[in-house]
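Colleague: Have a look at this one before I ask anything.
The values are calculated or read from the model by the stated rules, or taken from the named source; none is laboratory data. This structure is a prediction, so every number in the text was calculated from the model and none was measured. As a convention, Cβ positions derive from the backbone with ideal geometry for all residues, glycine included, and neighbour counts pool all protein chains shown.
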Amino acid sequence: MRIVFILLSLFFIFTATCNADEIIGSVREVSAVENTINISGVVVLVQKARIENEFDQLINLSGIAAGDYVSVEGAFAGHAQMRAMKIERRYPEQDKIKGRIENVNAAARELVIGGITIDVPENAWLVDAVGSGIRMDKIKPNYYAECTGTWTGEASFTANRINLN
């Protein structure tokens, strides 16, 4: 019985971790007074976050500066606002947004995740949960999506690939 409980606990922890919201990008501003960082207009609340450097060593918020490239895992907590569980300073790579789709405008080729508007150009790859291509008009609110691309403004992102889960 104890083994079943342990396995179920691990399953729920793994499921929660896999579905954590995430953003990756460059820090625009750090506020030690408000205990926040800003990534392209997304305010990240860092009160209870674990903060690590590129070598997975714990650091304080003072170890993050404007221009640093970070990965933030947590939960969207409002319009363009995220409550962070983990912040990791890392080397630059592809920008990313991961979370539940709130709104879809297929005609305008836009999605909204966490209050962030995601533009989806015609040439963007759209992939469903089994790895097949999907049309924009088939994407629905409440789907969980991972968008890679580029931050293009205040809470604005242009995706070159969207994976639906």
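Colleague: I'd like the residue in the stretch 30-49 that is surrounded by fewer than 14 Cβ atoms within 10 Å (Cβ to Cβ) and under 16 Å from residue 84 (Cβ atoms) and, out of all such residues, is modelled with the lowest pLDDT.
Modeller: 48
Colleague: Only one of (1) outside any strand (DSSP E or B); (2) crowded, with 18+ Cβ neighbours inside 10 Å fails for residue 108. Which number is that?
Modeller: Single failed check for residue 108: (2).
Colleague: Now, a different point. Say we look at the stretch 27-72 and pick out the residues that are part of a loop (DSSP other than H, G, I, E, B) and in contact (Cβ under 8 Å) with a residue 60 or more places away in the chain; which of these is nearest to residue 96 (Cα to Cα)?
Modeller: 40
Colleague: Could you check the stretch 76-113 and list, in sequence order, the residues that are without any contact (Cβ under 8 Å) to a residue 12 or more places away in the chain and hydrophobic (A, V, I, L, M, F, W, C)?
Modeller: The answer is 107, 108, 112.
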